[in-house]
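Heads up: the structure comes next, in structure tokens.
The values are calculated or read from the model by the stated rules, or taken from the named source; none is laboratory data. Keep in mind it's a predicted model, so treat the numbers as computed, not measured. A quick note on method: Cβ atoms are made from the backbone with ideal geometry, for glycine too, and the neighbour counts reach across all protein chains shown. Calculation scope for accessible area: heavy atoms of the full protein, side chains included, ligands and nucleic acids excluded. Shrake-Rupley method; radii C 1.70, N 1.55, O 1.52, S 1.80 Å.
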Amino acid sequence: MNDTALPAVQRDLAPHLLVPALVLAMLPLVGSFPTWVTLTVAGLAMGMMIFIMASGLTLVFGLMNVLNFGHGAFVSVGAFAATLVLLPMHGWMEADSLLLNLGALGLAIVVAMAVTALLGWAFERVIIMPVYGQHLKQILITMGGMIVAEQLIGVIWGPEQIALPLPTTLRGAIIVGDAAIEKYRLVAVVVGLLVYLGMFLTLNRTKVGLLIRAGVENGEMVEALGYRIRRLFVAVFAVGSALAGLGGVMWGLYKETLSAAMGSEVMVMVFVTVIIGGLGSVSGCFTGALLMALVANYAGFLAPKLALVSNIVLMMAVLLWRPAGLARK
């Protein structure tokens, strides 16, 4: 036996079991199996969209220690930037062809992520860089940035809400037995899973992810090894902004209307997700987003009045159990 072998890493499975435990516990309470399936899929889809919007913030807030209250601005800008493609290509969106619909949607997502990544880079260089390590100033200046961004959206796109209908082939629902599952919600689940897997593998299986995590723990040592950690963090901020833009497109299509204030309206929900999951944890953010959406959906069906405060109650329960969030003991 090799006495010098490293001890096995103990995996903390408790947070990962919360979502399936909640889903199974709700089946007898809901009573109807088709209704339970519909509520569960709807909750998972909403959770994926919340995760996409919150994933960028958990990178910036958790890994870079930046309180970016302007994160919602990137959600709004991403959604409105998508209209630069979706509105002129309404013929593709209205065509009864899944290929044309996904082509227009894919191009819109690329444009939205490119615009918000560029905006995030400029925002970090001009707004964030002078206030690193100064949390109070970060809160004030990023809140101001979000207000300015909302006003600029009103100037460019107008003050009125913009309709953003779903592509033709993604409207309606798929009937499985007696359960109705909306097509767009299935797309949201797939996109959310791809984003989660991409982030998880990048942070845990690549050299870039290793440098990011090492830079968070000891940036000076990473710099001493010859790596330009500041450039890496700027790239992280741009990626986080691009993910917010993607989330804005998904959320805008889910609501089917856009407003300049849509980003600020989801910011409380996004911050609660990051806090529940644990700062800097992609897995925790993913679990927290699913829990929030599922609890809100089930509560809306079983006790509608409780649904209004379900997110706060969930956050209190999680923090009483684990004060640092699900992913941290």
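Just to check, using Stokes-Einstein with a Kirkwood Rh over alpha carbon pairs, what's the diffusion coefficient of region 46-131 at 20 °C and 1.002 mPa s in µm²/s?
149 µm²/s
Please list the non-local residues whose amide H lies under 5 Å from the amide H of residue 257, H modeled 1.01 Å from N, same-chain partners needing a gap of 5 or more.
Result for residue 257 returns 164.
So, with +1 on the Cβ of K and R and -1 on the Cβ of D and E, and no other charges, what is the size of the charge dipole of region 100-225 about its Cα centre, to the nearest 20 debye?
240 debye
Quick check: at a probe of 1.4 Å, how many percent of the accessible area of the chain sits on carbon and sulfur atoms?
Carbon and sulfur atoms account for 70 percent of the accessible area of the chain.
Just add up the charged neighbours of residue 189: K/R +1, D/E -1, any other residue whose Cβ is under 13 Å from the Cβ of residue 189.
Every neighbour counted, the sum reads +1.
Report the trypsin sites (Lys or Arg not before Pro) located in region 111-204 that are in a DSSP loop and have at most 14 other Cβ atoms inside 10 Å of their Cβ, or state none.
Listed in order of number, the matching sites are 171.
Based on the alpha-carbon set only, what is the convex hull volume of region 213-271 divided per residue, in Å³?
Value for region 213-271: 97 Å³ per residue.
Send over the semi-axes of region 93-134's equivalent ellipsoid, whole angstrom and largest first, taken as the square roots of 5 times the C-alpha gyration tensor eigenvalues.
Semi-axes (√(5λ), whole Å): 37, 7, 6.
May I ask you to derive the FRET efficiency for residue 97 and residue 175 from their Cβ-Cβ distance with R0 = 30 Å, giving the value to the nearest 0.05?
After rounding, the FRET efficiency stands at 0.85.
Over region 31-190, what is the relative contact order in whole percent, taking alpha-carbon pairs under 8 Å and six or more residues apart?
Over region 31-190, the number comes to 36 percent.
Let me check I've understood the local charge: for residue 237, count other residues with C-beta under 13 angstrom from its C-beta, Lys and Arg +1, Asp and Glu -1. What total comes out?
+2
From the backbone phi of region 121-128, what are the Karplus-calculated ³J(HN,Hα) couplings (6.51 cos²θ - 1.76 cosθ + 1.60, θ = phi - 60°) in whole Hz, Gly and Pro given as x?
Going residue by residue, I get 4, 5, 4, 5, 5, 8, 9, 7 Hz, with x marking Gly and Pro.
Starting from the amide H of residue 182, placed 1.01 Å from N in the peptide plane, find each other amide H under 5 Å away whose residue is 5 or more places distant or on another chain.
Result for residue 182 returns 174.
Could you list the square roots of 5 times each eigenvalue of the Cα gyration tensor of region 107-179, that is, the equivalent ellipsoid semi-axes, sorted largest first and rounded to whole Å?
Equivalent-ellipsoid dimensions as semi-axes: 36, 17, 14 Å.
Rounded to the nearest whole Å², what accessible area per residue is found for the chain with the 1.4 Å probe?
Per residue, the chain has 49 Å² of solvent-accessible surface.
Kirkwood hydrodynamic radius (Cα pairs, Å) of region 235-329?
Kirkwood radius, region 235-329: 14.4 Å.
Normalised by the residues of region 184-329, what does the relative contact order come to in percent, with Cα pairs under 8 Å and at least six apart?
Result for region 184-329 is 18 percent.
Mean separation of Cα pairs under 8 Å and 6+ residues apart, divided by the residue count of the chain: what relative contact order is that in percent?
So the answer I get is 34 percent.
Once amide H atoms are built 1.01 Å from N in the peptide plane, which residues 5 or more positions from residue 280, or in another chain, come under 5 Å H to H?
Hits under the 5 Å cutoff: 62, 63.
Between residue 162 and residue 126, with labels modelled 7 Å along Cα→Cβ, what's the label distance in nm to one decimal, could you check?
In this crude label model, residue 162 to residue 126 measures out at 2.0 nm.
I'd like to know which of 130, 254, 56 lies farthest towards the positive end of the charge dipole of the chain, counting +1 on Cβ of Lys and Arg and -1 on Cβ of Asp and Glu.
130
Given N residues in the chain, what is Rg(Cα) / (2.2 N^0.38 Å)?
Dividing the Cα Rg of the chain by 2.2 N^0.38 Å gives 1.03.
Rounded to a whole number of µm²/s, how large is the Stokes-Einstein D of region 167-269 at 10 °C and 1.306 mPa s, given Rh as the Kirkwood radius over C-alpha pairs?
Translational diffusion coefficient: 95 µm²/s.
By the scheme Lys and Arg +1, Asp and Glu -1, what is the net charge of all other residues having a beta-carbon under 11 Å from that of residue 72?
Cβ neighbours under 11 Å give a net charge of -2.
For a Förster distance of 35 Å, can you work out the FRET efficiency between the beta-carbons of residue 317 and residue 186, rounded to the nearest 0.05?
0.75
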